[in-house]
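Written out below as structure tokens is the structure these notes cover.
The values are calculated or read from the model by the stated rules, or taken from the named source; none is laboratory data. On a predicted model such as this, the values are computed, not experimentally measured, just so you know. With ideal geometry, Cβ positions are generated from the backbone for all residues, glycine too; neighbour counts draw on all protein chains shown.
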Ligand SMILES: NC(=O)c1ccc[n+]([C@@H]2O[C@H](COP(=O)([O-])OP(=O)(O)OC[C@H]3O[C@@H](n4cnc5c(N)ncnc54)[C@H](O)[C@@H]3O)[C@@H](O)[C@H]2O)c1
């Protein structure tokens with residue numbers, strides 16, 4: 001009989017919905033898991049709103065104070081889907097109470113917070129995972145497999161862009177993502193954290209960075225509430241935008257590869273364009289989230305007369321995670337990446353083994369973000385702490 005893992009989810013909006021969907025689906029598609037999640041408690045500050053969300057998303061009960069929830073003896077796993085300014089307090093309290101901790105990205109708003117979070121989970125000996133969900137796109141997991149098998153050879157370049165366009169209207173209000181106190185940073189921590197994690201997953205550790213950041217619209221209407229998100233509206237009063245709107249940076253990886261990165265919320269026409277290309281001595285890879293069931297692969301060991309990128313359809317049962325879903329060619333979507341995360345987290349809980357990306361991986365990303373922020377301000381190369 002599979003171990004029952006009682007989950008408390010703190011937060012219930014965008015990521016609250018995607019994590020809830022994963023908990024609902026995982027055991028139906030991955031039936032041989034040694035541990036299965038039980039959607040025990042949904043926690044939010046507004047009782048009426050959290051009760052409505054719990055009904056819609058399928059949670060057994062609600063709570064309004066995370067401090068009580070993380071200490072409850074019947075809770076096994078605390079899942080944090082709140083803005084970055086509350087991650088450290090919730091994760092540390094949960095670890096101190098002996099709970100496994102799953103935390104949305106970026107792990108924290110500062111390196112110091114991430115260090116304290118890592119210390120807490122290591123001291124408690126609990127499973128810990130950061131929700132860098134793109135590692136669990138089957139095409140990206142397969143890219144990693146090709147790299148591990150030596151099919152790309154020595155990696156020379158990693159070139160990534162993560163572009164959105166949802167705040168181009170100067171009247172879009174000052175939501176929490178545009179407030180440094182709540183979000184830690186702008187698209188660097190939000191979008192950049194994802195592609196930094198992918199770079200570490202596919203290429204390796206960062207040595208040094210230099211870059212720039214820009215805030216195009218410096219004042220915006222205040223949001224109607226501190227919880228406002230996409231689609232929010234604002235009033236007549238204005239406030240300061242305290243994060244960057246866009247950033248770009250370059251890196252030298254410790255293995256000698258070069259990396260270039262660009263993130264923006266002002267890239268008109270790019271709704272959620274997460275793309276990367278890798279060039280190595282034996283081959284190249286291209287990925288585009290908008291076509292996430294595909295991976296472009298160039299095999300330089302083939303005769304020169306047959307060179308060119310091939311478009312691989314990553315829906316075969318032999319591709320990572322795909323045996324659980326549909327016959328080949330029957331595609332999956334963005335939400336499946338969260339189901340794959342929960343699958344791997346449940347396997348780690350059942351097997352009492354580590355799962356990645358863990359809080360150490362989260363700290364490493366935070367250290368890169370910190371170095372980029374320092375470089376954008378000093379206009380020099382900055383070393384990435386490790
Ligand atoms: N993995 C991904 O692809 C992805 C995508 C979007 C967001 N995120 C991350 O998920 C986290 C949440 O983002 P979101 O888009 O879901 O935000 P959101 O604004 O949609 O939801 C935030 C939730 O947190 C609750 N909340 C805020 N402060 C709280 C507090 N102090 N105590 C309890 N609840 C609180 C809000 O009521 C709301 O339910 C962030 O860390 C963000 O970076 C990850």
Worksheet item: Counting just the residues of the stretch 81-91 that are near the ligand (Cβ under 8 Å from one of its atoms) and touching a helix residue (DSSP H, G or I) at 6+ places or on another chain (Cβ under 6 Å), which one comes out nearest to residue 130 (Cα to Cα)?
Response: 81
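Matching residues to (1) on the phi < 0 side of the Ramachandran plot; (2) surrounded by 14 or more Cβ atoms within 10 Å (Cβ to Cβ); (3) in a strand (DSSP E or B):
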site: 261; (1), (2), (3): yes, yes, yes
site: 270; (1), (2), (3): yes, yes, no
site: 274; (1), (2), (3): yes, yes, yes
site: 277; (1), (2), (3): yes, yes, yes
site: 287; (1), (2), (3): yes, yes, yes
site: 297; (1), (2), (3): yes, yes, yes
site: 301; (1), (2), (3): yes, no, no
site: 305; (1), (2), (3): yes, no, no
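Do we find that residue 342 is in contact with a helix residue (DSSP H, G or I) (Cβ under 7 Å, 6 or more places away or on another chain), in contact (Cβ under 8 Å) with a residue 60 or more places away in the chain and assigned to a helix (DSSP H, G or I) in this structure? Walk me through how you get there before you give the answer.
Values: in contact with a helix residue (DSSP H, G or I) (Cβ under 7 Å, 6 or more places away or on another chain): yes; in contact (Cβ under 8 Å) with a residue 60 or more places away in the chain: yes; assigned to a helix (DSSP H, G or I): yes.
It is true that residue 342 is in contact with a helix residue (DSSP H, G or I) (Cβ under 7 Å, 6 or more places away or on another chain), in contact (Cβ under 8 Å) with a residue 60 or more places away in the chain and assigned to a helix (DSSP H, G or I).
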Item to complete: Tally the residues that are within 16 Å of the ligand (Cβ to nearest atom) and either at positive phi or under 16 Å from the mean Cα position of the chain (by Cα) (or both), restricting the search to the stretch 92-109.
Response: 9
Response to the item:
If we keep only residues of the stretch 42-76 that are farther than 17 Å from residue 12 by Cα and surrounded by 14 or more Cβ atoms within 10 Å (Cβ to Cβ), then the residue farthest from the ligand (Cβ to nearest atom) is 76
Worksheet item: Inside the stretch 123-204, counting only helices (runs of 4 or more DSSP H) that do not spill past its ends, which hold 1 or more residues that are more than 11 Å from the ligand (Cβ to nearest atom) and surrounded by 19 or more Cβ atoms within 10 Å (Cβ to Cβ)?
Response: 138-148, 193-202
Practice prompt. Considering only the stretch 26-37, state which residues are in contact (Cβ under 8 Å) with a residue 60 or more places away in the chain and surrounded by fewer than 17 Cβ atoms within 10 Å (Cβ to Cβ).
Written response: 29, 34
Worksheet item: Within the stretch 80-116, how many residues are farther than 26 Å from residue 17 by Cβ and crowded, with 24+ Cβ neighbours inside 10 Å?
Response: 0
Worksheet entry | Residues of the stretch 345-386 classified as in a helix (DSSP H, G or I) and either loosely packed, with under 15 Cβ neighbours inside 10 Å or over 21 Å from the mean Cα position of the chain (by Cα) (or both), total | 7
Worksheet item: Would the stretch 23-41 turn up any residue that is modelled with pLDDT of 95 or more and within 11 Å of the ligand (Cβ to nearest atom)?
Response: no
Worksheet item: Would you say residue 342 is under 18 Å from residue 29 (Cβ atoms), surrounded by 21 or more Cβ atoms within 10 Å (Cβ to Cβ) and either touching a strand residue (DSSP E or B) at 6+ places or on another chain (Cβ under 6 Å) or not assigned by TED's automatic domain parsing to the domain that holds residue 124 (or both)?
Response: yes
